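The values are calculated or read from the model by the stated rules, or taken from the named source; none is laboratory data. Note that the structure is a prediction, hence the values are computed from the model and not measured. Counting neighbours? That spans all protein chains shown, and the Cβs are built from the backbone with ideal geometry, glycine included.
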Amino acid sequence: MTAQAPASSPAVGYPADIDAQPDALLRQADHPLPAALTEIDLHAHERLILTGMGSSYYSFLPVARALTAAGLPVWRVDSGQLLDTPELITPNTLLWGTSQSGRSGELVALLDRLTGMARPRTVLATTDDPASPLADAADVVVELRSGPEATVSTKSYLNTLAAHRRVLAALHGGADDEEVTDALRGTAERLRTWLADPLLPTALAERALSAARPRFAYVGTGGDASSALTGALITKEASQVAAEGYVGGAFRHGPLELAGPGLTVLLFGSGGDQDAVLPGLARDLAVTGSNVLTVGPRAYPRSEHLPTPVAGGTFERLAFQMAHVQQLTVALARTAGQVPGEFRFGRKITDIL
């Protein structure tokens, strides 16, 4: 287990948003889904296209996997690529767009093109702002209810995962909304308890940043790849530390040459059969002198462990994975003398192309 030091308090800005995640999740669970959602028939569409940018886009990974497993024609394409190839959207497409602000530049530009005969059959939106351009263009709007954020996505990412889980259950079946929201409330309270004394991984941050060439790689399998991709993104945003996210075996195709002293690798998985690539990767990376950590229910060979609950299902595992990453980004920023979550060049809402 990584040596850790207590977090400082009181929290403000980005750390305060991290602490506020349980309350935001409860707001999502308590807010009813729109009645019009039940009128959407996935099987009546020839394509289901899931789109967004950044963490909003990565959050679709669990949804895409579930719908693909059901034999539905799913396309997960970021809004920038769709803007470049709008022909992917047919008149009988369901376009599901997610954006915390509802104002992402690429998504808004795409929607501006999808008018008249080019408009898809159904536009479904998940956003925090019911008055945003995304919401205005949608047939059905599911509100995130995450509330304002100081900088880096925290509450909005967690609530996006939760809203996607609820919409998936409503459209694809398998659980009624009361069952899903009860589970979300349970996760919120367990996360609240954990965040009350999270213990920053300061020793890990100091060890990683003291290397001659510090570098980070986050690798995830299955739906847990959403944690790897989003985790790398917020590491760059929140701590100004270079990190890249990879899905499964993609890390072996070139990025493996980054291995060796100075490389810190976080592995995200369920500990189940779908993680077949991760145990071997953990062993091989450890041999090179890389610093390897498992973020999940069970540690992979020769890795340190940042544990997530064994019970609680996929959503709870993803929630705790991101909580670990968030604490790591705070520790990295403070170790480097930075303000955690402070934007130097970007801004919260990327509404320009």
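Just for the range 84-105: of the residues that are touching a helix residue (DSSP H, G or I) at 6+ places or on another chain (Cβ under 9 Å), touching a residue at least 40 places away in the same chain (Cβ under 8 Å) and farther than 26 Å from residue 149 by Cα, which one is surrounded by the fewest Cβ atoms within 10 Å (Cβ to Cβ)? Among those that are touching a helix residue (DSSP H, G or I) at 6+ places or on another chain (Cβ under 9 Å), touching a residue at least 40 places away in the same chain (Cβ under 8 Å) and farther than 26 Å from residue 149 by Cα, it is 92.
Among 188, 208, 183, which is the only one that is over 29 Å from residue 254 (Cβ atoms), part of a helix (DSSP H, G or I) and touching a Gly at 6+ places or on another chain (Cβ under 9 Å)? Going through 188, 208, 183 in turn, the sole match is 183.
For the range 195-212, the condition holds for at least one residue, the condition being that it is within 23 Å of residue 17 (Cβ to Cβ), of a type in the set (D, E, K, R) and either assigned by TED's automatic domain parsing to the domain that holds residue 331 or surrounded by fewer than 22 Cβ atoms within 10 Å (Cβ to Cβ) (or both). Could you look through the range 145-155, keep only residues that are farther than 10 Å from residue 28 by Cβ and surrounded by 20 or more Cβ atoms within 10 Å (Cβ to Cβ), and pick out the one that is modelled with the highest pLDDT? Looking at the filtered set, the residue picked out is 154. Within the range 219-252, being touching a strand residue (DSSP E or B) at 6+ places or on another chain (Cβ under 9 Å), of a type outside the set (A, V, I, L, M, F, W, C) and not in a helix (DSSP H, G or I) holds for 220, 221, 244, 245, 246. Scan the range 252-263 and tell me whether some residue there is crowded, with 17+ Cβ neighbours inside 10 Å and either β-branched (Val, Ile, Thr) or not assigned by TED's automatic domain parsing to the domain that holds residue 204 (or both). No, there is no match, as no residue in the range 252-263 is crowded, with 17+ Cβ neighbours inside 10 Å and either β-branched (Val, Ile, Thr) or not assigned by TED's automatic domain parsing to the domain that holds residue 204 (or both).
From the list 108, 142, the one residue that fits, being outside any helix (DSSP H, G or I), crowded, with 20+ Cβ neighbours inside 10 Å and not acidic (Asp, Glu), is 142.
Residues checked against (1) within 23 Å of residue 156 (Cβ to Cβ); (2) buried (at least 24 other Cβ atoms within 10 Å of the Cβ); (3) in contact (Cβ under 8 Å) with a residue 12 or more places away in the chain:
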residue: 295; (1), (2), (3): yes, yes, yes
residue: 299; (1), (2), (3): no, no, no
residue: 304; (1), (2), (3): no, no, yes
residue: 309; (1), (2), (3): yes, no, yes
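Of the set (1) within 20 Å of residue 33 (Cα to Cα); (2) assigned to a helix (DSSP H, G or I); (3) out of contact with any Gly (no Cβ under 7 Å at 6 or more places or on another chain), all apply to residue 135 but (3).
The sole residue among 178, 149 that is part of a loop (DSSP other than H, G, I, E, B), more than 18 Å from residue 77 (Cβ to Cβ) and of a type in the set (Asp, Glu) is 149.
For residue 137, the test of being under 28 Å from residue 278 (Cβ atoms), at pLDDT 95 or above, assigned by TED's automatic domain parsing to the domain that holds residue 19 and surrounded by fewer than 24 Cβ atoms within 10 Å (Cβ to Cβ) is failed.
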